[in-house]
Amino acid sequence: MKNVGYLLLLSYLVFAGVDRINFGGNSIESFKLLPHIPLSLLIISFIALFKTDDINFTWISNKKSVLICFSLFVIFVIISILFSIDIFYSFKRFILLLLIVSTVIMILSSFTKEEIKKYLYHASILGSLLFYVFNMLLFFNWLGYFDINSNIINLDPDYIAYFLPRLGGFTLDVNRGIAILVIYTFFLFSYAGKKNIMTQLIIVFNILFIFASLSRTAIVFFIITISLYAIFSATKKEKIAVFIIIPISCILLFNIVSFYSQNDVIDIQSALEERLTLDDFGHDTSTGIHLKLIDEGFRIAFSDFKIFLIGCGHGASYKIIEGFQMSRKKIANFHSQYLSILVENGVFATVSFLAFSIIIPLFYLRNKLLPLIFGLFCFNLLYQLTNEPLYWFTLLYYYKFDDYA
């Protein structure tokens, strides 16, 4: 049974961020059956049937401040659902969040630290390799080498105009995909022990794809995380590895980009101008949209007393975002996790979530995971990972194996 548990947990950690695979296809329009959903149900069932004696919740129940803040957050989310402008959709989003958090808590409560560290290391390798496979498929599809039409697997790449494809691996959202790759890279850096050549190569390619994505938010996330890790947490050998591997990755990326640019496959100059130009904050630019969404979110939150207190409903912000191309689409959000929580769940939910996700960790600086926690906080200032399983796994993993318990 130990091997079964290993395979289930490994699969969950590898496929947690995959959303280019939808087992429901087009048959269920209002619901995506992503890989992590059936895997969650299998893991919970396996733990309930075969690991009941191993379950121990004291790691969370003994941390009163953490438990109180998290419980308050859930309570205020439930209140927002009861007064939601779209109760059905808010309830669905809450069930998804509940499934993700419950699965992570069950995993952390029934597997040992040694097991989880080993599984995380293996999952970071396999998850990275899966990321590469999808990137190759997306790139070849963009070049027109093949055209795969499938209701289950989406291989249509995101792109910057017609300049070049944005390779986000197994995720439809490039920023979220690269954030997952940063998490994998961090665990490879910190939990690999004596790194072998394969691990080092995977780290090199991970960094290459992080920068090649041209995701400004995710690149800043990586730089902040790895810099803090090198300064405060890394051993001397790991610090040396950071300053050797990153330049190697950048040199390799430069040569690959130069080859495709010289052969007129991609237009890297125009793409970089689009990504790095900061003097155009128009409504149609990426930067302009982000800033206007944030401004709109604060305006809505502080001009409506009901929204300020209890929100418009969990996940229901899409109904009040107007004047954008994404308006009224269920993928619409304010591109800031904390602002979205404020608008959707109210000020009390925001304060309790901030306390749980970043304020409490900052009081305990000894944890090796703190650079990643802080990096995720910075990432979520301009993006949101509220329904990302690996985000919750990282956050709760921090509390499971901290140094102050």
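Every number in this text was worked out from the coordinates using simple rules, so none of it is lab data. In this text the structure is predicted, and so the values were computed from the model without any measurement. Neighbour counts are summed over all protein chains in view; Cβ atoms, including those assigned to glycine, are modelled from backbone coordinates with ideal geometry.
A few notes on this one:
- In terms of surrounding Cβ atoms within a 10 Å radius of their Cβ, GLU296, GLU322, GLU344 rank from fewest to most as GLU322, GLU296, GLU344.
- Sites ILE60 and ASP147, calculated FRET efficiency, Cβ-Cβ separation with R0 41 Å, nearest 0.05: 0.25
- Charge context of GLY177, other residues only, Cβ under 13 angstrom, K/R +1, D/E -1: -1
- Entries in LYS51/LYS118; LYS2/LYS92; LYS2/LYS400 that, when Cα-Cα distance is taken, lie over 29 Å: LYS2/LYS92
- Least to most buried among CYS378, CYS312 (fewest other Cβ within 10 Å first): CYS378, CYS312
- Each residue of the stretch 85-93 was assigned a 3J(HN,Hα) from its phi angle through the Karplus expression (A = 6.51, B = -1.76, C = 1.60, θ = phi - 60°), giving 7, 8, 4, 4, 5, 4, 5, 4, 5 Hz with x at Gly and Pro.
- Annotation: the residues HIS335, HIS122, sorted from fewest to most other C-beta atoms within 10 Å of their own C-beta, follow the order HIS122, HIS335.
- Residues SER102 and PHE298, FRET efficiency given R0 of 30 Å [Cβ-Cβ distance, rounded to 0.05]: 0.40
- Cα gyration tensor shape of the stretch 1-100, rounded if a/c is under 1.5, else prolate or oblate by comparing a/b with b/c: oblate
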